[in-house]
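Okay, structure first, notes after.
A short reminder: the numbers here are calculations on the coordinates, not readings from a lab. Owing to the predicted nature of the structure, the values given are computational and were not obtained by experimental measurement. Cβ coordinates were reconstructed from backbone atoms using ideal geometry, including for glycine residues, and neighbour counts include every protein chain displayed.
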Ligand code: SF4
């Protein structure tokens, strides 16, 4: 397809073309995915990278992000706990590593970390790197202050996640306790510290097609090395409860557009993929090259074994691992296993 050939040759997707692609008729979305798949194959072959989330601290946040079940005022029936003990954090991370994760994401709720929180993560990262030097570590702790990204880099943290979440023009509609510019500033700090910047989106928040394009091109311009695409899980008890505006084909269009806008960037299918992409998850993997394995921060994902089956059934292989495929299934209920519970993790 000419579009993919042009991008492969160095053409950069412009805003007008991106908006036209975002408005692809449903009957032609697979053509868009095909174009994206050519770039995915060129840069990532048949590989799928697995990432595993460990929620070090859940709920109890003072920010008012309207999409988040951990936010101030949220009545969502999620697990709430303060910092995991370091040994427990390592144990949870190792479940994901054993399940095939190439990257472990160490996440904590809150506006941003205190310096003592950075030291906690430092200890966890050191322990994990000692035992698993080949596994990448990503931290996601909120807005960073000066010097904190550098300290995380010293601990061996490879990447830092801080999503822009949505377009700058839509940001004030989704949260009032911080600004888009605060998020961008943290991403810039991460890059200056030599840490890989992971930043992505949550779609399904009432944004327009033009705002999806705005956000994707902003991520490209920010130089995000990996882009997780979350699909809103509208938990009961949050301001977004009942907001089901995505269709599987719209999700697929967004993922394909992300690949066309950012051809050699890691594009990750993230939270909500099971309930929004549904039967199209496998097709989406022909544009995306990365998944979260198992559960999310507060919501359960499908069984880890089903993730592996999804990958194998679509002719892909797990990056750096060879795992046997099994089964299939879908779920969207509050997480009640893994970190913060006595129940074995889903990995
Ligand atoms: S997204 Fe992060 S900062 Fe916002 S409410 Fe949730 S935990 Fe707090």
For the range 247-318 and the range 32-52, what is the separation of their Cα centres, given in Å?
-> 11
The chain, Gaussian network, Cα under 10 Å: of 27, 69, 290, the residue fluctuating most is 27
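Averaging sequence separations of C-alpha pairs under 8 Å and six or more residues apart, then dividing by the length of the chain, give the relative contact order as a whole percent. Before the final figure, lay out each step's value.
On the way: 731 pairs, mean separation 77.6, N = 347.
This gives 22 percent for the chain.
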Degrees, to the nearest 10: 248-261 long Cα axis against longest axis of the chain = 90
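Quick one: of the DSSP bridges fully inside the chain, what percent are antiparallel, nearest 5? Show your work: numbers first, answer last.
On the way: 2 of 34 bridges.
Here the antiparallel bridges make up roughly 5 percent for the chain.
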With a bin width of 20 angstrom, please list the P(r) values of the range 14-318 as percents of all Cα-Cα pairs, from the 0 bin to the one holding the largest distance.
-> 35, 61, 4
Segment residue 5-residue 154, length gained on full extension (0.36 nm per residue, minus Cα span) | 49.6 nm
Calculate, for residue 12 and residue 126, the FRET efficiency according to 1/(1 + (r/R0)^6) with r their C-beta to C-beta distance and R0 30 Å; round to the nearest 0.05.
-> 0.15
Run the quick spin-label model on residue 168 and residue 337: label points 7 Å from Cα toward the beta carbon, then report their separation in nm to one decimal.
-> 4.3
What's the angle, to the nearest 10 degrees (0 to 90), between helix 180-192's Cα axis and the longest principal axis of the chain?
-> 80
Could you work out how far apart the two model spin labels at residue 320 and residue 85 are, taking each label as a point 7 Å from the Cα in the direction of the beta carbon, and quote it in nm?
-> 2.8
Angle in degrees between helix 304-313 and the longest Cα principal axis of the chain, rounded to the nearest 10 | 20
